[in-house]
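Below: the structure, in structure tokens.
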Amino acid sequence: MSDWERSSTARVVPPARPRKLAKVPFVELADGRVQGVVSSGSDIERVYVSSVAAGTFAFACSTNNNRPCGGARGSFCRHIRTLIDEAALQYGPERVARYLRLDTDVWGTTEDALAVAMIATGPPRGDNAAAASVFSRFLRHLAYLELAPTTAPVPEMQWFPPTRAVA
Amino acid sequence: MVPAHQGGGVMRVDLLTESVAGLDEALAAVDAFDRALVVGLLRPHAVQAAGLTELADAVAGTPLAGRVAEAAEKAAAGAASEDHFVALAAARTALVGSVHDALMERVEAATGRSHAGESVPEPPEPHPANLLVAARSWLADLARCGWQGIDHEVVSGSAAVVSAMLPDPDLRRLATLLDGFAAELAASCPGSALERVPVRRWADLWSRAMVLTVPGAAGVPVTGMVSGRLLPLGVDVQEHATAVQAQVHAVFEPADGGASRLVRGCVSVPKPDTIVGAGLWQLLRPHMSLLAAVSEGRSMDLSDMPVTAEGDLVWSDARARAGAPADAFATARVALSTASVSATAPLDRHPARIAAPVFLEGYSSQQDDDGLTFTVADHRLAVDTDRIPTAGPLTPEAVAVSRACIGLLRWDAGEFTLQPLAVETTVRKKLTAIHAGAWAGGTTDKAGARAEKAATDAGTMLRERAGRLLRK
Ligand SMILES: [Zn+2]
């Protein structure tokens, strides 16, 4: 076995890069999609739940009250573009492209080219069936803020050293 | 020639580079079992069956022997129950424990520090087991799938268990472990497309989680209250996407004049994955005044602070107050070598848990493709600069030009390494100490303040959303 294979503390997932959270409070690579929650520019009470599927780039965007987004009929709306941009900031463009199975020759190397490259393929409109589960994952994510700290030792964290490597 | 340092013991790096008897054999049995988990135990092939037998044979002379032999046989036939998986995890834990003990003997010989001799008592009464049963069932599913067989459906089976466990302090350890483990597995799906598998790591995490599903396994009881002076050496940070822990390593001098000992003060908290860097300190800072003392270079005076037999203080701000200024390098030079080491709880006997504070000077450093190494009296010690947290002033470059170093001696992938916690180096002709955890309690440093501001904004944004959405 290689050193990496016989390391107890091998780094498997690079840590998220810091980014501003105002426009996109939540984005994740999960359930075969880049999915998340995008703030409405105008209404603080409203957010959009947006997603793009890996492989097909099928896209969906709707409000948290399940109203379809007017901008996401023919192609990516600005919420979806913003979502992809922020995903690239948080996870690094390579990891997002790999997750989406987006050919690296197609999109080149700059972050904003990710959405552009997918739009160029004429992606299909998906349904909004996943919106409720994405929104509940966002709530679960926020709920971590409410968990109490402990000063009892958690020796299991010894398996999770920090790394200076970036995504 | 061995460099002598003032008042301190001499670190015998040569003892860390010699081979350890029995270690390769024990790890070979561990590896054989770990490889069986790569393919999975649903329909094991001959190679995996042999791996299971090798594990069972390696614990043949121990009290576990009978149960493990039976478990290995059932697993080899693809018919293991959850209890059989627990037995296999326990066997692997015992084997790795023997490796830990052999390595710790080396560490004690190299540092000249002695063992306090106290043993760790049995944990208190078990916790109600529903969630533990659910966790065990998920882990058994993983073992059957194997790492190459994982998919999103299997991995997501842990989410509900983790969410239910996290708020319960008694289940926090297992919850934190499963949460970090599941995130890695999710990021690695489908397993069939993996180019390489972190074989030992995932088997470690799996076995540890499996053993923690045994009610009571996670308890390390408080064995006393201590009063006296606490002299911090440095801060070690650990993090995964949704949790962070800071551990302050320190020398404790009892007020009654008893022998000093090495202790740790720690604080941890679950977190959203978008809180990173300086944001981690912001989450932890309000809950342990010791972090501020580290940043200010102070000692702390403790009165009746609970401590475990492992030397972990169970910190309470009410039982500590800021003491006189204390330079970590003075502590390292004068007090470190005579402080005694605490016992290790049975479940914590694992090489990954080794983190022995050491002080080095009089070394030369070499940087090459494999990274940084310090050479002490002709013996090389690899320096793990990747563990230095980004939210702090210490950098790999500063470590490379340093003249003295406080660090943690660790062991991974077959070798001892040094994790730097602080260095002394010359900045503009002046000897300067740089601490990895300098920003723990806050900072006035320009780069630090900028990182703090960005992290504050992110935290505020998320809290505002949580306030709006979670209580609807
Ligand atoms: Zn939209």
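The values are calculated or read from the model by the stated rules, or taken from the named source; none is laboratory data. Since this is a predicted model, take the numbers as computed values, not measurements. Every residue, glycine as well, gets a Cβ built from its backbone with ideal geometry; the counts of neighbours run over all protein chains shown.
Counting the residues of the range B:82-93 that are surrounded by fewer than 19 Cβ atoms within 10 Å (Cβ to Cβ) and without any contact (Cβ under 8 Å) to a residue 40 or more places away in the chain gives 1.
Can you confirm whether the range A:115-127 contains a residue that is part of a strand (DSSP E or B), within 15 Å of the chain's Cα centre (by Cα) and within 15 Å of the ligand (Cβ to nearest atom)? The answer is no, given that none of the residues of the range A:115-127 is part of a strand (DSSP E or B), within 15 Å of the chain's Cα centre (by Cα) and within 15 Å of the ligand (Cβ to nearest atom). In the range A:128-151, the qualifying residues are those that are in a loop (DSSP other than H, G, I, E, B) and loosely packed, with under 13 Cβ neighbours inside 10 Å, and the one that is farthest from the other protein chains (Cβ to nearest Cβ) is A:129. Checking the stated criteria, residue A:72 turns out to be within 16 Å of the ligand (Cβ to nearest atom), more than 10 Å from chain B (Cβ to nearest Cβ), more than 30 Å from residue A:159 (Cα to Cα) and in contact with a Cys (Cβ under 7 Å, 6 or more places away or on another chain). Does the range B:215-262 hold any residues that are closer than 18 Å to residue B:436 by Cβ and of a type in the set (Gly, Ala, Ser), and which are they? Listed by number, the residues that qualify are B:234, B:246, B:250. Looking only at the range A:6-42, residues that are touching a residue at least 24 places away in the same chain (Cβ under 8 Å) and in a loop (DSSP other than H, G, I, E, B) come to 12 in all.
Okay, residues lined up against (1) outside the structural domain of residue B:286 (by TED's automatic domain parsing); (2) part of a helix (DSSP H, G or I); (3) modelled with pLDDT of 95 or more; (4) in contact with a strand residue (DSSP E or B) (Cβ under 9 Å, 6 or more places away or on another chain):
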site: B:409; (1), (2), (3), (4): yes, no, yes, yes
site: B:421; (1), (2), (3), (4): yes, no, yes, yes
site: B:424; (1), (2), (3), (4): yes, no, yes, yes
site: B:434; (1), (2), (3), (4): yes, no, yes, yes
site: B:440; (1), (2), (3), (4): yes, no, yes, yes
site: B:453; (1), (2), (3), (4): yes, yes, no, no
site: B:461; (1), (2), (3), (4): yes, yes, no, no
site: B:468; (1), (2), (3), (4): yes, yes, no, no
site: B:471; (1), (2), (3), (4): yes, no, no, no
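Given the condition within 14 Å of chain A (Cβ to nearest Cβ), in contact (Cβ under 8 Å) with a residue 60 or more places away in the chain and not hydrophobic (A, V, I, L, M, F, W, C), answer yes or no: does some residue in the range B:283-304 qualify? So far as the range B:283-304 goes, yes, one or more of its residues are within 14 Å of chain A (Cβ to nearest Cβ), in contact (Cβ under 8 Å) with a residue 60 or more places away in the chain and not hydrophobic (A, V, I, L, M, F, W, C). Would you mind stating whether residue A:33 is within 11 Å of chain B (Cβ to nearest Cβ), under 30 Å from residue B:387 (Cα atoms) and not aliphatic (A, V, I, L, M)? Answer is no for this residue. When the test is whether a residue is more than 19 Å from residue A:158 (Cβ to Cβ) and of a type in the set (A, V, I, L, M), residue B:372 passes it.
Screening A:81, A:98, A:17, A:6 for residues that are within 11 Å of the ligand (Cβ to nearest atom) and under 27 Å from residue A:166 (Cβ atoms) leaves exactly one candidate, A:81.
Restricted to the range B:379-406, and to residues that are in contact (Cβ under 8 Å) with a residue 60 or more places away in the chain and away from chain A (no Cβ under 14 Å), which residue is surrounded by the most Cβ atoms within 10 Å (Cβ to Cβ)? Per the stated criteria, the residue is B:406. Within the range B:343-369, residues that are part of a strand (DSSP E or B) reach no partner that is of a type in the set (Asp, Glu) with beta carbons closer than 7 Å at six or more positions or on different chains. Any residue in the range B:201-224 that is within 30 Å of residue B:459 (Cβ to Cβ), in a strand (DSSP E or B), out of contact with any Leu (no Cβ under 9 Å at 6 or more places or on another chain) and more than 7 Å from chain A (Cβ to nearest Cβ)? So far as the range B:201-224 goes, no, none of its residues is within 30 Å of residue B:459 (Cβ to Cβ), in a strand (DSSP E or B), out of contact with any Leu (no Cβ under 9 Å at 6 or more places or on another chain) and more than 7 Å from chain A (Cβ to nearest Cβ). Among the residues of the range A:59-69, write down those that are away from chain B (no Cβ under 14 Å) and either surrounded by 18 or more Cβ atoms within 10 Å (Cβ to Cβ) or near the ligand (Cβ under 9 Å from one of its atoms) (or both). Those that are away from chain B (no Cβ under 14 Å) and either surrounded by 18 or more Cβ atoms within 10 Å (Cβ to Cβ) or near the ligand (Cβ under 9 Å from one of its atoms) (or both): A:59, A:60, A:61, A:62, A:68, A:69. Checking the structure you have, find out if any residue of the range A:37-49 is of a type in the set (Gly, Ala, Ser), modelled with pLDDT of 90 or more and under 30 Å from residue A:163 (Cα atoms). Scanning the range A:37-49 turns up no residue that is of a type in the set (Gly, Ala, Ser), modelled with pLDDT of 90 or more and under 30 Å from residue A:163 (Cα atoms).
How about the range B:252-276: which of its residues are facing another protein chain (nearest Cβ under 7 Å) and among the hydrophobic types (A, V, I, L, M, F, W, C)? Those that are facing another protein chain (nearest Cβ under 7 Å) and among the hydrophobic types (A, V, I, L, M, F, W, C): B:266, B:267, B:269, B:276.
Within the range B:277-295, no residue satisfies the criterion of being β-branched (Val, Ile, Thr) and modelled with pLDDT under 95.
Which residue is farthest from residue B:99 (Cα to Cα), if the candidates are limited to the range B:28-80 and must be free of Cβ contacts under 8 Å to residues at least 12 places away in the same chain and outside any helix (DSSP H, G or I)? Out of the qualifying residues, it is B:79. Residue count for the range B:430-464, restricted to those that are under 15 Å from residue B:279 (Cβ atoms), away from every other protein chain (no Cβ under 12 Å), among the aliphatic types (A, V, I, L, M) and under 26 Å from the mean Cα position of the chain (by Cα): 1.
Of all residues assigned to the range B:187-200, none qualifies as being within 11 Å of chain A (Cβ to nearest Cβ), assigned to a strand (DSSP E or B) and either at pLDDT below 95 or farther than 30 Å from residue B:424 by Cβ (or both). Scanning the range A:43-58 for residues that are within 13 Å of residue A:118 (Cα to Cα) and either away from the ligand (no atom under 15 Å from the Cβ) or part of a loop (DSSP other than H, G, I, E, B) (or both) returns A:53, A:54, A:55, A:56, A:57, A:58.
Scanning the range A:9-19 finds one or more residues that are within 14 Å of another protein chain (Cβ to nearest Cβ), under 17 Å from the mean Cα position of the chain (by Cα) and either buried (at least 23 other Cβ atoms within 10 Å of the Cβ) or basic (Lys, Arg) (or both).
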